[in-house]
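The values are calculated or read from the model by the stated rules, or taken from the named source; none is laboratory data. This is a predicted model, so every value here is computed, not measured. As a convention, Cβ positions derive from the backbone with ideal geometry for all residues, glycine included, and neighbour counts pool all protein chains shown.
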Amino acid sequence: AMDEYKGSTFTISNLGMFGVETFDPIINQPDAGILGVCAVQDELDMDEEGKIFKKQVMRISFTFDHRLIDGAVAAKFELAIKELLEDPMRILL
């Protein structure tokens, strides 16, 4: 029932500050979703020319209530968060 979702919010859970590299946050009702922020890690990668380089990676995990949010919409939201974190100046544009 719609009354079950009154006061629904969105939560951000940051376990990255404790060095947690990945986790799956659990929704507390009546939240619509929760975004998990993990620790920043150094990883090695290879470019198109075969050169190895170090990069920093921070994983995020989005858990949402499918009764309120469609999976495709949730995926687009997570992509938008990723793009803003990779290029924070876009927030101002």
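Select from the stretch 44-63 the residues that are surrounded by 10 or more Cβ atoms within 10 Å (Cβ to Cβ) and of a type in the set (D, E, K, R) and write down the one among them that is nearest to Glu83 (Cα to Cα).
Arg59
When you look at Phe62, is it modelled with pLDDT of 95 or more and either part of a strand (DSSP E or B) or among the basic types (Lys, Arg) (or both), yes or no?
Criteria not met by Phe62.
Within the stretch 68-91, can you find the residues that are closer than 19 Å to Ile27 by Cα, free of Cβ contacts under 8 Å to residues at least 24 places away in the same chain and outside any helix (DSSP H, G or I)?
Once the filter is applied, which keeps residues that are closer than 19 Å to Ile27 by Cα, free of Cβ contacts under 8 Å to residues at least 24 places away in the same chain and outside any helix (DSSP H, G or I), the stretch 68-91 yields only Asp70.
Scan the stretch 31-63 for residues that are touching a residue at least 24 places away in the same chain (Cβ under 8 Å) and in contact with an Asp or Glu (Cβ under 9 Å, 6 or more places away or on another chain) and jot them down.
Once the filter is applied, which keeps residues that are touching a residue at least 24 places away in the same chain (Cβ under 8 Å) and in contact with an Asp or Glu (Cβ under 9 Å, 6 or more places away or on another chain), the stretch 31-63 yields Asp31, Ala32, Gly33, Leu35, Gly36, Ala39, Arg59, Ile60, Ser61, Phe62, Thr63.
Based on what the data block shows, is Ser13 more than 23 Å from Asp87 (Cβ to Cβ), part of a loop (DSSP other than H, G, I, E, B) and touching a Pro at 6+ places or on another chain (Cβ under 7 Å)?
no
Rundown of residues vs (1) of a type in the set (D, E, K, R); (2) within 28 Å of Ala32 (Cα to Cα), yes/no style:
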{"site": "Met46", "(1), (2)": "no, no"}
{"site": "Lys54", "(1), (2)": "yes, no"}
{"site": "Asp65", "(1), (2)": "yes, yes"}
{"site": "Gly71", "(1), (2)": "no, yes"}
{"site": "Phe77", "(1), (2)": "no, yes"}
{"site": "Leu84", "(1), (2)": "no, yes"}
{"site": "Pro88", "(1), (2)": "no, yes"}
{"site": "Ile91", "(1), (2)": "no, yes"}
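So which of Ala32, Ala74, Ala39 is of a type in the set (A, V, I, L, M), modelled with pLDDT of 95 or more and surrounded by 12 or more Cβ atoms within 10 Å (Cβ to Cβ)?
Exactly one residue qualifies, and that residue is Ala39.
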